[in-house]
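Colleague: Please find one structure pasted underneath; my questions will follow.
Nothing in this text is a laboratory measurement; each read-out follows from the coordinates by a stated rule. Treat the numbers as computed from the prediction; the structure is a model and nothing was measured. Virtual Cβ from ideal backbone geometry, glycine too; neighbours counted across all protein chains shown.
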């Protein structure tokens, strides 16, 4: 594992522990619900629904979320195996609130997926609708820390990967469209 990840890990661990030791019982159910928006079946359905349900000719823009999601998913899975960062070690007496989908932590696939869909959608909507969509997309990443399955750095890396995939999606559409 690269040394910069090891250095980042100390700060990541402290921040994660600060979050999980301050959980609020009433928030647990909402967080479990929100995190599911980044689950593969939900993300695929959202991106596919946007692509297939678009009214009129949007010049291919209706496909950006699906292409962004596909590209970011592929990159996230490659990076997870390359870095092989294990899931967080939580403080004694604190457990994850959900079962992690795999053993690798970096980058967060849920944070990546949610923002890969939310960013192009938010950009296509008026600000009063786009901003809540963007906040909802980012909140999926935050739930992963609250639940205890990702470090904050994993989430930030996922967000960066999503941003990259959104920027590259129009070019990828041009290659295959």
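Colleague: Can you tell me the Rg and the Dmax, both Å, for the Cα atoms in the chain?
Modeller: When restricted to the Cα atoms of the chain, Rg and Dmax are 16.6, 55 Å.
Colleague: Out of 99, 62, 77, any idea which swings most in a Gaussian network model of the chain, alpha carbons joined below 10 Å?
Modeller: Result: 99 has the largest fluctuation of those listed.
Colleague: Starting from the 7 Å offset along Cα-to-Cβ, what nm value, one decimal, do you get for the label separation of residue 22 and residue 129?
Modeller: Those two pseudo-labels are separated by 3.5 nm.
Colleague: Something else: Using a 7 Å offset from the Cα along the Cα-to-Cβ direction at both residue 102 and residue 164, what is the distance between the two label points in nm, to one decimal?
Modeller: 1.6 nm
Colleague: Another question about this same structure. Expressed in nm to one decimal, what extension gain is obtained for the pair residue 30 and residue 86 from 0.36 nm per residue of sequence separation less their Cα-Cα distance?
Modeller: Here the segment from residue 30 to residue 86 would lengthen by 17.6 nm.
Colleague: If you don't mind, another one. Checking the a/c ratio against 1.5 first, then a/b against b/c, what shape does the Cα gyration tensor give for the stretch 93-153?
Modeller: prolate
Colleague: If you line up the long axis of helix 152-176 against the longest principal axis of the chain, both from Cα atoms, how many degrees apart are they, to the nearest 10?
Modeller: In the chain, helix 152-176 runs at an angle near 20 degrees to the longest axis.
Colleague: GNM on the chain, C-alpha springs below 10 Å: top fluctuator among 126, 107, 88?
Modeller: 126
Colleague: Mind pulling the angle between the C-alpha long axis of helix 25-35 and the longest principal axis of the chain? Nearest 10 degrees, somewhere in 0 to 90.
Modeller: Helix 25-35 and the main axis of the chain meet at about 40 degrees.
Colleague: With angles folded into 0 to 90 degrees, how steeply does helix 127-146 sit against the dominant principal axis of the chain? Use alpha carbons for both and round to 10.
Modeller: For helix 127-146, the angle is close to 30 degrees.
Colleague: Using the beta-carbon distance between residue 10 and residue 52 and R0 = 35 Å, what value does 1/(1 + (r/R0)^6) give for FRET efficiency, to the nearest 0.05?
Modeller: Efficiency computed from Cβ-Cβ geometry: 0.15.
Colleague: Continuing with this model, one more query. I need the calculated FRET efficiency for the pair residue 95 and residue 171, taking r as the beta carbon distance and R₀ as 41 Å, to the nearest 0.05.
Modeller: Working from the Cβ atoms, E equals 0.45.
Colleague: Further, regarding this structure: Is it possible to state the helix-based mean residue ellipticity at 222 nm for the chain, with each DSSP H run of 4+ residues giving -39500 (n - 2.57), the sum divided by total residues, to the nearest 500 deg cm²/dmol? What is it?
Modeller: Calculated from helices alone, the mean residue ellipticity at 222 nm is -23500 deg cm²/dmol.
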